[in-house]
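The values are calculated or read from the model by the stated rules, or taken from the named source; none is laboratory data. It should be emphasised that the depicted structure is a prediction, and the values quoted were computed from it without experimental measurement. With ideal geometry, Cβ positions are generated from the backbone for all residues, glycine too; neighbour counts draw on all protein chains shown.
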Amino acid sequence: MKRKDILIGLMLALFIALFLSPFASTWPDGLERIAASKGFLEKGEGKNRIPSPLPDYKFPGFKSEKLATSLSGVLGVLILFGLGCGIACLLRKRKSDHETRIH
Amino acid sequence: MHIPDGFLTSATWVPAWLLSMGGIGYSLKKASQTLRERMIPLMGVMSAFIFAAQMVNFPVMSGTSGHLLGGVLAAVLLGPYAGAIVLTCVLIVQCLIFQDGGLTALGANIFNMSIVGTMGGYGVYKIISGNSGNRKAVLAGTALASWFSVVAASSCCAIQLALSDLSPLTVVLPAMAGVHAVIGVGEAMITTVVIGFVLKVRPDLLYGLPLKPTNESSFLLQDENLKEDAL
């Protein structure tokens with residue numbers, strides 16, 4: 001993959017996070033809808049085992065919910081780009097270590 | 001279909017954790033054997049893209065929304081193993097940072113979306129599209145596998161809910177599969193458009209396709225790539 005392709009892909013992800021995610025449908029998703037209609041939605045309320053820094057994709061300190069969502073999206077995109085490349089690098093390194101041992 | 005904490009009993013989420021750890025361990029091993037240099041940034045881009053796309057819920061019927069799962073999208077470009085790893089990265093970040101999906105339920109969510117949705121979806125894609133690299137076969141396989149991946153993942157989710165005594169299987173399975181059969185149409189549309197675009201501009205980015213040109217335009221494109229690589 002060339003630098004240009006990587007940039008285009010990353011820009012597209014950032015564009016979706018910045019400009020589309022704030023306008024996502026706020027209706028419950030399939031699982032939430034069924035949990036509500038079958039009467040077990042409340043079982044999941046307040047049961048989180050660990051505190052999350054940005055619950056529900058809301059970046060703290062912003063009055064505008066849309067802006068808070070956008071910023072959470074951008075942060076998540078950057079974290080996942082780093083994580084995805086990082087894991088791929090480690091896997092690649094393991095492969096070349098293995099090859100060196102064989103030869 | 002990210003299951004939160006509190007839904008699943010430990011008799012369900014503990015085995016789900018073990019199953020998905022086994023599946024991801026196997027994926028890491030297989031991916032390290034097949035990973036090519038050029039796939040490194042692609043794994044980063046796909047992780048970022050699927051995370052962003054999963055934030056964008058679209059309405060599917062009155063009062064219900066759905067969003068892209070992305071498993072087949074990742075697997076068509078990266079293969080089933082690296083694809084499952086990408087989906088798992090997305091689920092881990094969503095759980096730990098954004099409280100989307102519970103920590104106890106993370107194993108079940110990885111099982112449903114990374115193992116069943118991504119690796120299972122890739123199996124369906126491969127059966128339909130074959131090895132020819134024919135554009136129509138690739139796109140038909142992508143569309144059907146995308147739809148299947150969402151319905152299969154949601155059915156597994158329904159089984160886990162029933163095992164946790166939240167609702168009888170005869171009630172929750174048709175309900176989950178029914179809603180996700182509609183969400184799956186959105187999944188198929190988005191995935192096919194993205195794969196169709198990649199197939200047009202960079203067909204060499206698709207996993208496991210023969211590199212020999214299938215028509216004149218892709219021949220020219222590969223020729224250009226070779227020139228760029230040589231420079």
Seminar exercise, completed: Going through (1) surrounded by fewer than 24 Cβ atoms within 10 Å (Cβ to Cβ); (2) facing chain A (nearest Cβ under 10 Å) one by one, B:Tyr26 fails only at (2)
Exercise. Assuming B:Trp13 fulfils every condition listed in (1) under 14 Å from B:Cys95 (Cβ atoms); (2) under 18 Å from the mean Cα position of the chain (by Cα) apart from one, which condition is it?
Worked result: (2)
Seminar exercise, completed: Within segment A:48-81, the count of residues that are closer than 13 Å to B:Ser47 by Cα, within 7 Å of chain B (Cβ to nearest Cβ) and either surrounded by fewer than 12 Cβ atoms within 10 Å (Cβ to Cβ) or not β-branched (Val, Ile, Thr) (or both) comes to 4
Seminar exercise, completed: Note: among B:Val194, B:Val171, B:Val182, B:Val201, just one is at pLDDT below 95 and out of contact with any Asp or Glu (no Cβ under 8 Å at 6 or more places or on another chain), namely B:Val201
For this session: Could you tell me whether segment A:76-98 includes any residue that is modelled with pLDDT under 90 and among the polar types (S, T, N, Q)?
Result: yes
Seminar exercise, completed: When restricted to B:Ala152, B:Ala82, the only residue at pLDDT 95 or above, in a helix (DSSP H, G or I) and within 22 Å of B:Gln33 (Cα to Cα) is B:Ala82
Exercise. For B:Ser146, are the conditions met, namely being more than 21 Å from B:Ala11 (Cα to Cα) and either away from chain A (no Cβ under 14 Å) or at pLDDT 95 or above (or both)?
Worked result: yes
For this session: Might you let me know whether segment B:102-115 holds any residue that is touching a residue at least 60 places away in the same chain (Cβ under 8 Å), under 12 Å from the mean Cα position of the chain (by Cα) and surrounded by fewer than 24 Cβ atoms within 10 Å (Cβ to Cβ)?
Result: no
Problem set entry | Scope segment A:16-47; condition surrounded by fewer than 17 Cβ atoms within 10 Å (Cβ to Cβ) and touching a residue at least 12 places away in the same chain (Cβ under 8 Å); matching residues | A:Phe19, A:Phe23
For this session: Filter segment B:157-168 down to the residues that are assigned to a helix (DSSP H, G or I) and under 13 Å from A:Ile34 (Cα atoms), then identify the one that is farthest from the other protein chains (Cβ to nearest Cβ).
Result: B:Ala162
Problem set entry | Sole exception among (1) free of Cβ contacts under 8 Å to residues at least 40 places away in the same chain; (2) at the interface with chain A (Cβ under 8 Å from one of its Cβ atoms) for B:Ser62, by number | (2)
